[in-house]
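What follows is calculated from the coordinates using simple rules that are stated; it is not laboratory data. Just so it is clear, the structure is predicted and the values come from calculations on it, not from any experiment. All Cβ positions, even for glycine, are placed from backbone atoms using ideal geometry, and neighbour counts span all protein chains on display.
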Amino acid sequence: MDRIVIVGSGASGVHFALSVLQKGYDVVMLDVGRVKPPVLNPRDTFVELKHSLEDPVRYFLGEDYEAVVYPGSAGEYYGFPPNKSYVFARPRAFVTDAKGFEPLSSFAQGGLAEAWTGGAYPLNDADLAEFPFSFRDLEPHYVEVARRIGVTGAADDLARFFPVHAGLMEPLRLDRHSALLLERYGRRRRDLNEDLGCYLGRSRVATLSSDRDDRPGCSYLGRCLWGCPTGSLYTPLATLNQCHQYPNFTYRSNVYVRHLRIAQGRRVASAVITRHNGGETEEVTGDRFVLAAGTLSSSRIYMRTHQQETGETIRLRGLMDNRQVLVPFLNLALVGRPYDPDSYQYHQIAVGIDTADLAGYVHGQITTLKTALIHPIVQNLPVDLRTALALFRSARAGLGVVNVNFRDTRRQENFVTLGQTPGGESALLIHYAPPAGEARAIAQVLKIVNSALRRLGCHVPPGLSHVRPMGASVHYAGTIPMSTTGDPHTALTDCRSAQYSNLQFVDGTTFPALPAKNLTFSLMANALRVAACSF
Amino acid sequence: MPDVRGLVDLDRECAGFARYLTGLSVTDYVLEKYRDAHARHPDLDARQSPTFDRWLISIARAHPLGTWLADTYTAVFFKQALVRRKWILLVAILESTAPTAELFDVPEPGGRAAFVVRLGWRGLAFLLGLGVSSILFMPVHVVFGAVPRGDAGGH
């Protein structure tokens with residue numbers, strides 16, 4: 001059996017690895033692999049933690065208070081908690097210089113999805129129009145991923161946008177606010193559907209609603225934002241741990257892949273690695289090589305490989321990401337009521353908006369506010385801080401935010417390349433410009449969202465919607481797209497490189513379009529598709 | 001040699017600001033964390049800050065009325081003021097530990113009707129405070145070289 005070398009341990013890499021391990025291949029996974037810190041007090045609820053921890057401020061704000069969000073922090077309403085900082089820590093060698101883009105990368109075991117919110121929405125045929133396969137081709141792989149990770153959801157109004165595949169678990173218990181919104185939607189359904197093209201339903205989330213294998217069902221501890229302490233919310237580390245059970249799996253951590261070495265016949269001979277903080281290089285040989293390091297890192301490795309082989313520095317064009325806009329709202333019916341800390345903290349309601357030619361399908365997720373830190377929120381209210389705190393206490397149960405996601409397309413002006421920072425450091429250069437008409441499309445869609453929220457009994461405070469910087473959604477894709485043209489620096493329909501016959505990609509690098517839905521579930525399904533058709 | 005007087009001032013500042021913002025007394029743990037944050041982040045030290053920031057902090061420390069006026073002024077014209085950063089740090093600490101966190105978990109009594117009434121008179125109080133503080137602070141802000149600006153929001 002061939003020896004397969006996989007770079008990266010993110011969601012797509014580990015699922016691909018598990019599939020080929022099950023087929024009997026020898027797999028070597030190369031990973032920087034930053035390690036998750038231990039889980040503290042796994043049985044305590046969010047509220048109990050503030051009593052039971054010896055140093056709760058350190059847990060919630062960090063040893064260096066790095067999780068404190070001060071005014072001027074780019075207007076974001078939240079930051080990542082300190083115990084997830086390992087997810088985003090970069091090795092010294094990985095330097096970026098970006099224009100119009102704020103990149104995030106992960107070198108952690110499990111990758112970026114160690115900090116995801118669990119959205120698991122399958123793409124439909126409309127989303128896949130530019131792909132060389134249809135939903136029917138991908139469906140068995142969605143089903144298998146759902147079986148592996150556990151995805152909850154319902155057959156509801158959103159089925160018109162997200163196919164209802166086999167293997168969905170019963171939805172999670174709704175928090176009070178989400179239940180109220182859905183109930184209101186039930187009464188105003190026709191209005192929203194016919195007037196606004198707006199549909200609501202249960203989120204599809206990769207969180208168990210009941211026990212499965214060695215993972216327990218959600219126990220509603222309210223700690224999701226700080227990392228699920230029980231493993232109910234799926235993260236790829238669980239699948240990496242499953243890979244470790246196979247004797248034909250070798251995991252090499254603390255290594256950084258600099259580039260691939262090309263041998264005669266345009267085949268990859270080895271991965272050139274160093275220890276992640278520098279040191280001597282080493283070569284890891286294999287028969288087939290798979291890049292699963294995320295679009296930015298995989299692109300960097302590919303470009304450096306080409307540069308080493310030919311001396312040429314190329315630009316990979318077509319970088320995509322989803323624009324996100326946060327729309328805070330207040331549900332007046334819940335003002336003065338206590339909030340629900342012992343509940344699932346992430347989005348429980350999804351929104352689908354069919355805007356036709358304006359922006360295509362627009363995806364939204366409604367997260368009702370529960371146990372998030374409040375200081376980033378109160379400082380943005382247009383009153384003095386003391387008043388803001390007092391108002392917030394009574395408004396908390398009614399607060400929420402809609403995270404509105406827009407699709408993206410490949411455009412030539414958006415690219416990555418290799419270069420240097422102004423200070424002379426080798427870097428991945430990123431250039432991104434939004435599409436013409438984006439501001440108008442956002443404004444029009446926000447009118448729809450605001451109108452929908454008002455019909456659900458919610459007030460949308462003016463001036464508080466926030467257009468997140470490009471790069472914030474971390475759904476990067478498109479630099480080496482699947483194509484039937486065979487053009488240089490594209491991929492074939494099985495995600496094999498058109499340049500190097502034994503190199504494949506299983507992350508978003510090869511996606512030729514970026515629908516508005518969260519990407520990770522589809523990345524995992526595509527990784528299984530590649531494993532099925534190529535191995 | 002630790003700056004004992006500085007630490008005592010910081011403790012008084014922490015306790016005074018906490019009482020102003022929340023009506024709560026602080027625990028030794030909160031005082032310790034407030035001091036620790038200042039030790040780790042010299043940019044929170046008023047002695048290193050621009051003149052207007054130092055002046056605002058002295059006003060805010062002197063009396064709850066001064067704190068309130070500084071609060072209304074910085075909410076609109078100087079969101080990144082050092083004193084406001086200190087308050088936000090303190091709120092972050094208070095909400096992260098028991099028993100102070102419990103305050104933020106419970107709505108004010110009286111339900112929605114009381115909220116609306118409180119919203120009304122708090123709004124009026126804010127406007128009054130903003131008016132007074134603008135008259136008192138804005139000239140000083142201008143004299144010390146900074147240009148006060150209203151901070152716009154997003155969309």
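Details
- Radius, Kirkwood style, for the stretch A:86-189 when every pair of distinct Cα atoms is counted (Å): 17.2 Å
- Placed amide H near A:Val68: partners under 5 Å, 5+ positions off or other chain: none
- Taking every full run of DSSP H in chain B, the ones that stretch at least 15 Å from end to end by Cα along their long axis and average -0.5 or higher on the Kyte-Doolittle scale are B:4-22, B:51-62, B:64-77, B:82-95, B:111-143.
- Inter-site label distance for B:Asp9 and B:His41 at 7 Å from Cα along Cβ, in nm: 1.9 nm
- A cut-off of 5 Å between modelled amide H atoms, ignoring neighbours fewer than 5 places along the same chain, links A:Thr250 with A:Val27, A:Val28, A:Met29.
- From phi via Karplus (6.51, -1.76, 1.60), per-residue ³J(HN,Hα) for the stretch A:201-210 in Hz, x at Gly/Pro: x, 6, 4, 9, 10, 8, 9, 6, 8, 8
- Helix axis angle, A:176-190 relative to chain A longest principal axis, alpha carbon, degrees: 90 degrees
- Note, ³J(HN,Hα) from phi for the stretch A:479-494, Karplus 6.51, -1.76, 1.60, rounded to Hz, x at Gly and Pro: 7, 10, x, 4, 7, 9, 7, x, 4, x, 6, 10, 10, 7, 5, 9
- Amide proton proximity set for A:Gly471, modelled H, under 5 Å, gap of 5+: A:Glu102
- Within the stretch A:209-306, the GluC sites (Glu not before Pro) that combine a DSSP coil assignment with at most 15 other C-beta atoms in a 10 angstrom radius are A:Glu280.
- When A:Asp26, A:Asp125 are arranged by Cβ crowding within 10 Å, least crowded first, meaning fewest neighbours, the order is A:Asp125, A:Asp26.
- Trypsin sites (Lys or Arg not before Pro) restricted to DSSP loop in the stretch A:24-65 with at most 16 other C-beta within 10 Å: A:Arg43
- Distribution of pairwise C-alpha distances over the stretch A:337-424, 5 Å bins, in %: 3, 11, 14, 13, 12, 10, 10, 12, 8, 5, 1, 0
- Near A:Arg396, once Lys and Arg are set to +1 and Asp and Glu to -1 for all other residues with Cβ below 14 Å from its Cβ, the sum equals -1.
- Compared with the dominant principal axis of the Cα atoms in chain A, helix A:438-455 is inclined by about 40°.
- Cα gyration tensor shape for the stretch A:1-107, rounded if a/c is under 1.5, else prolate or oblate: oblate
- D by Stokes-Einstein for chain A, Kirkwood Rh over Cα pairs, 10 °C, 1.306 mPa s: 67 µm²/s.
- Placing R0 at 51 angstrom, the Cβ-Cβ distance between A:Thr409 and A:Lys23 gives a FRET efficiency of 0.90 after rounding to 0.05.
- Number of partner chain Cβ atoms within 10 Å, mean per residue of B:69-75: 4
- Extension gain for the segment A:Ala89 to A:Asn41, taken as residue separation times 0.36 nm less the Cα-Cα distance, is 14.8 nm to one decimal.
- Charge context of A:Ser52, other residues only, Cβ under 13 angstrom, K/R +1, D/E -1: -1
- Sorted by Cβ density within 10 Å, fewest first, the residues A:Met524, A:Met1: A:Met1, A:Met524
- Per-pair calculated FRET efficiency, R0 = 51 Å: A:His244 and B:Thr27 via Cβ, rounded to 0.05: 0.70
- Across the stretch B:4-146, Cα-Cα pairs farther apart than 28 Å form 22% of the total.
- Translational diffusion of the stretch A:285-358, µm² s⁻¹ [Kirkwood Rh, Cα pairs; Stokes-Einstein; 10 °C; 1.306 mPa s]: 86 µm²/s
- The phi-based Karplus calculation (6.51 cos²θ - 1.76 cosθ + 1.60; θ = phi - 60°) puts the 3J(HN,Hα) values of the stretch A:509-519 at 3, 9, 5, x, 8, 10, x, 6, 6, 3, 8 Hz, whole numbers, x for Gly and Pro.
- Number of partner chain Cβ atoms within 10 Å, mean per residue of B:18-24: 2
- Stretch gain in nm, segment A:Ala436-A:Ala129, where the contour uses 0.36 nm per residue and the Cα spacing is subtracted: 108.3 nm
- Centroid-to-centroid separation of the stretch B:32-108 and the stretch A:218-289 [C-alpha atoms, Å]: 44 Å
- Mean Cβ neighbour count within 10 Å, used as a protection proxy, ranking A:106-117, A:321-332, B:96-107 highest first: A:106-117, A:321-332, B:96-107
- Most simply put, the protein assembly as shown has about 70% antiparallel DSSP beta bridges, counting only bridges with both residues inside it.
- Angle between chain A longest axis and helix A:11-22 axis [Cα atoms, degrees, rounded to 10]: 50 degrees
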